[in-house]
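Engineer: Questions regarding the structure given below will be posed in turn.
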Amino acid sequence: TTYVPYKVKDISLAEWGRKEIELAEAEMPGLMSLRTEFGASKPLQGARIAGCLHMTIQTAVLIETLVELGADVSWSSCNIFSTQDHAAAAIAAAGIPVYAWKGMNEEEFNWCIEQTLFFGEDRQPLNMILDDGGDLTNMVFDKYPELIAGIKGLSEETTTGVHRLYERMKNGTLHLPAINVNDSVTKSKFDNKYGCRESLVDAIRRATDLMLAGKVAVVAGYGDVGKGSAESLRSAGVRVIVTEIDPICALQAAMEGFEVKKMADAVKEANIVVTTTGNKDIVRPEHFKAMKDKTVVCNIGHFDNEIDVAWLNSNYGATKVEIKPQVDKYTIDGNDIILLAEGRLVNLGCATGHPSFVMSNSFTNQTLAQLELWTNTDKYGKEVYTLPKHLDEKVARLHLAHIGVELETLTQDQAAYIGVTVEGPYKPEAYRY
Ligand SMILES: NC(=O)C1=CN([C@@H]2O[C@H](COP(=O)(O)OP(=O)(O)OC[C@H]3O[C@@H](n4cnc5c(N)ncnc54)[C@H](O)[C@@H]3O)[C@@H](O)[C@H]2O)C=CC1
Ligand SMILES: Nc1ncnc2c1ncn2[C@@H]1O[C@H](CO)C(=O)[C@H]1O
C-alpha cells in the first residue's frame, strides 16, 4: 500500500491551529517544563510512538512535547467525533503523521489507526503505544500480533481503557508492559473530575442553547466523572438526581446534597440525562419511553454503549431529524428526544473537551509514562503499573506556580513526626485524596 504522510479534513486550517496551540502551551506548564528538563538530552530518541487519543489542541501540545524529547510520533483519534480539524492540520503541517478528522465512519476510524502502525516511506513499525480506550492496543494485539515483539510498552489514558488492560492481565492476554496513566491521582482526580466539571455544561450549551437553570438532570454514575458532571450541572442551577450501584458513591452523592434514585424513576422528571458510568445499557428502551418531551440525552463516558442508540435507530430511525451535526431529534410516541453526539462522549463531540490546564496534568503523566517505559524497559513485565507517588507529586508541583499556589515546607521535626521526608512523598500508598 502507498504511504500516506497524513490525512486531515483541511490542511489550510493549520495556521489557525498553530495560533491556538501557542495559547494552549501557556496553559500547559507541566508539558513545557518537561521540554525544558529533557529537550536537550532527547531521551525518547529512537522511539516510534503510535498515539490514539482525541486529536485536539491539547493533544497537539502533548505530541510536540514527545517530538521535542526525541520521539517520532504518528497519531489517530480515539473517537469519530473528537478531532479538532485545525489541531490535526497544524500537526500535519509540522510534518508529523496524523490521520484524523471530525465526523469519521467506523471504517475510516480503523483505517486511521492502521496508518499509525508504520512510520515513513520505509514503513518502520511502531515500538511504543500511547492509547486512550484501548482500540489501538486491541488492533495491535488482535490484528498485528507480529508487531508486539518490537514494542517496548504502552500507556493508557482512561478508566475504560485501563479496565480492559486489567481484564487482559487477568486472562493472560496482556502482551506488553502497561502503565495505567488514568490512576495517577493527578490524572483521574483532576481530568475526570474537574475536567468534566468544565466541559460537560459547555457541551450541552453549545449543542442545545438550553437554559440550564431551573432544569432537572439525571447523572448516571457518581465516580470521578460523575462527581465532576453532577457539580457542573448543579453550578449551572440544575437540580441533579444521581443514579448509582455503589453504596459508597451513592452515600457520597447524598452527602453532597444530591438526590439518589433509580433511573426508571428519575427519567420521569428529568429534562437532561447524562451517563458517566463506563458501563453499558444505562439508558434503555423503557427509559426512553418514560422520558418527558424534549429530554436531552447524552453520554460523557468513553464508549457509546451506555445509551441504547441502536434501539433508537432500529425502532425510531424513521423519525430521526438532524438539528445540526451531533444533535439529532427522535420522536417516540409523540415525545421528542434530543440525542447528542450519537451517544458518544459529549464533551469532545459537541465541544472541545477539557481545557488545556487540566489536560497538562494528564499529559505530563502520559509523557512520564512513555519516558519510563522507553528508558527503563527492563524494570517492567507484562503487567499493569501506575507511576510512583513521587512522580504524581512532581506533576502537581509543576502546575502550582501557574495558578499562584505557594506550598509550606516541612521542618525535619515535623517530617519525622508524620513519618515522611521533607521532600515527600507525603502520603501512604493507600491514601485516597
Ligand atoms: N469524556 C471525558 O472527557 C472523560 C471520560 N472518561 C470516561 O468516563 C467513564 C467513567 O470514568 P470514571 O468516572 O473515572 O469511572 P469510575 O469507575 O470512577 O465511575 C463510574 C461510576 O459508575 C458507576 N456505575 C457503574 N454501573 C452503573 C449503573 N448501571 N448505574 C449507575 N452507576 C453505575 C460505578 O459504581 C462508578 O461509581 C469511563 O468510560 C472513562 O473512560 C474519563 C475521563 C474523562
Ligand atoms: N481536550 C482534550 N484533549 C484530549 N483528550 C481529552 C480532552 N478532554 C478529555 N480528554 C480525555 O478523554 C479521555 C476519555 O476518552 C479521558 O480520560 C480524558 O483524559
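The values are calculated or read from the model by the stated rules, or taken from the named source; none is laboratory data. Keep in mind that what you see is a predicted model, and the values were worked out from it rather than measured. Using ideal geometry, Cβ is built from the backbone for each residue, glycine included, and neighbour counts are taken over all protein chains shown. With ligands, DNA and RNA removed, areas are computed over all heavy atoms of the protein, side chains included. Shrake-Rupley method; radii C 1.70, N 1.55, O 1.52, S 1.80 Å.
Engineer: Return the carbon/sulfur percentage of the accessible area of the range 212-276, one whole number, probe 1.4 Å, all protein chains in place. Before the final figure, lay out the partial values.
Structural biologist: On the way: 1480 of 2560 Å².
With neighbouring chains kept in place, the figure for the range 212-276 is 58 percent.
Engineer: May I ask you to give the percent of accessible area on the range 26-119 that is carbon plus sulfur, with a probe radius of 1.4 Å?
Structural biologist: Carbon with sulfur: 51 percent of the solvent-accessible area.
Engineer: If you don't mind, another one. Could you list the chymotrypsin sites (Phe, Trp or Tyr not before Pro) in the range 22-129 that lie in coil according to DSSP, counting only those with at most 13 other Cβ atoms within 10 Å of their Cβ?
Structural biologist: none
Engineer: Right, something else. Taking the Cα centre of the chain as origin, sum charge times position over the Cβ atoms of Lys and Arg (+1) and Asp and Glu (-1), and report the length of that vector in debye to the nearest 20.
Structural biologist: Numbers: 43 positive and 59 negative charges, 118 e Å.
Charge dipole, the chain, about its Cα centre: 560 debye, nearest 20.
Engineer: Looking at the range 283-431, what % of its DSSP beta bridges pair antiparallel, to the nearest 5?
Structural biologist: 65
Engineer: Distance between Cα centroids, the range 306-360 to the range 269-300: provide it in whole Å.
Structural biologist: Value for the Cα centre distance between the two parts: 11 Å.
Engineer: For the range 169-186, take each phi angle, set θ = phi - 60°, evaluate the Karplus expression 6.51 cos²θ - 1.76 cosθ + 1.60, and give the result in whole Hz per residue in order, putting x for glycine and proline.
Structural biologist: Result, rounded to whole Hz: 4, 5, 9, x, 10, 8, 9, 9, x, 10, 9, 7, 6, 3, 8, 4, 4, 6.
Engineer: Taking the DSSP beta bridges in the chain as the whole, what percent of them are antiparallel, to the nearest 5?
Structural biologist: Working: 11 of 51 bridges.
Approximately 20 percent, going by the DSSP bridge assignments.
Engineer: In addition: How are the alpha carbon pair distances in the chain distributed across 20 Å bins from zero to the largest one, expressed in percent?
Structural biologist: Result returned by the calculation: 26, 56, 18, 0.
Engineer: Find the accessible area per residue for the range 1-105; the probe is 1.4 Å, ligands and nucleic acids are left out, and the unit is Å².
Structural biologist: I get 36 Å² per residue for the range 1-105.
Engineer: Of Leu391, Gln326, Val8, which is farthest towards the positive pole of the chain's charge dipole, taken about the Cα centre with +1 and -1 on the beta-carbons of Lys, Arg and Asp, Glu respectively?
Structural biologist: Value: Gln326.
Engineer: Tell me which of Ile49, Ile204, Ile21 sits at the most positive position along the dipole axis of the chain, charges placed on C-beta atoms (Lys, Arg +1; Asp, Glu -1).
Structural biologist: Ile204
Engineer: Next question. For the range 315-324, what does the Karplus curve 6.51 cos²θ - 1.76 cosθ + 1.60, with θ = phi - 60°, yield as ³J(HN,Hα) per residue in whole Hz, taken in order and with x for Gly and Pro?
Structural biologist: For the range 315-324, the Karplus-derived couplings read 9, 10, x, 5, 8, 5, 10, 7, 6, 6 Hz, x marking Gly and Pro.
Engineer: Quick one: accessible surface of Met291, probe radius 1.4 Å, all protein chains present, in square angstrom to the nearest 10.
Structural biologist: Accessible surface of Met291 is approximately 10 Å².
Engineer: In the range 314-379, what trypsin sites (Lys or Arg not before Pro) fall in a loop by DSSP, with at most 14 other Cβ atoms inside 10 Å? Let's see the in-between values first.
Structural biologist: Values: sites: Lys320, Lys329, Arg344, Lys379; in loops: Lys320, Arg344.
Here the trypsin sites (Lys or Arg not before Pro) that fit, given the DSSP loop and packing criteria, are Lys320.
Engineer: Would you work out what percent of the accessible area of the range 307-433, with all protein chains in place, is carbon or sulfur (probe 1.4 Å)?
Structural biologist: For the range 307-433, the apolar C and S fraction of the accessible surface comes to 53 percent.
Engineer: Counting pairs of alpha carbon atoms under 8 Å apart in space and at least six apart in sequence, what relative contact order in percent does the chain give?
Structural biologist: With pairs under 8 Å counted, the relative contact order is 16 percent.
Engineer: How would Asp72, Asp209, Asp304, Asp378 line up by accessible area, probe 1.4 Å, largest first?
Structural biologist: The ranking, largest first, comes out as Asp378, Asp209, Asp72, Asp304.
Engineer: Taking all protein chains together and a probe of 1.4 Å, list His175, His54, His163 from the most accessible to the least accessible.
Structural biologist: Reading off the accessible areas and sorting them downward yields His163, His175, His54.
Engineer: Just report the Cα centroid separation between the range 389-419 and the range 11-68, whole Å.
Structural biologist: If we compute the Cα centre of each part, the gap is 27 Å.
Engineer: A further question on this structure: With a cut-off of at most 14 other beta carbons within 10 Å, and DSSP calling the residue loop, which GluC sites (Glu not before Pro) in the range 349-416 qualify? Please list them.
Structural biologist: On the way: sites: Glu372, Glu383, Glu393, Glu406, Glu408; in loops: Glu383, Glu406, Glu408.
In loop regions of the range 349-416 (DSSP not H, G, I, E or B), the sparsely surrounded GluC sites (Glu not before Pro) are Glu383, Glu406, Glu408.
Engineer: Given a cut-off of 27 Å, name the pairs among Lys227/Lys394; Lys193/Lys289; Lys262/Lys389; Lys102/Lys193; Lys9/Lys382; Lys102/Lys143 whose C-alpha atoms lie farther apart than that in the structure shown. Kindly include the intermediate steps, with their values, before the conclusion.
Structural biologist: Details: Lys227/Lys394 25 Å; Lys193/Lys289 31 Å; Lys262/Lys389 38 Å; Lys102/Lys193 25 Å; Lys9/Lys382 38 Å; Lys102/Lys143 25 Å.
Pairs exceeding 27 Å: Lys193/Lys289; Lys262/Lys389; Lys9/Lys382.
Engineer: At a probe size of 1.4 Å, how large is the accessible area of Ile129, to the nearest 10 Å²?
Structural biologist: That residue has around 0 Å² of solvent-accessible surface.
Engineer: Here's a follow-up. How much of Glu20 can a 1.4 Å solvent probe reach, expressed as accessible area in Å² and rounded to 10?
Structural biologist: 70
Engineer: How large is ³J(HN,Hα), in whole Hz, for each residue of the range 420-433 in order, when computed from phi with the Karplus curve 6.51 cos²θ - 1.76 cosθ + 1.60 and θ = phi - 60°, using x for Gly and Pro?
Structural biologist: Here the 3J(HN,Hα) series is 10, 8, 4, 7, x, x, 9, 9, x, 4, 7, 5, 9, 6 Hz.
Engineer: Quick one: of the DSSP bridges fully inside the range 234-347, what percent are antiparallel, nearest 5?
Structural biologist: Details: 9 of 20 bridges.
Percentage antiparallel, nearest 5: 45.
Engineer: At 1.4 Å probe size, with every protein chain present, just tell me what the per residue accessible area of the range 274-379 comes to in Å².
Structural biologist: Numbers: 3850 Å² over 106 residues.
In whole numbers, the range 274-379 has 36 Å² accessible per residue.
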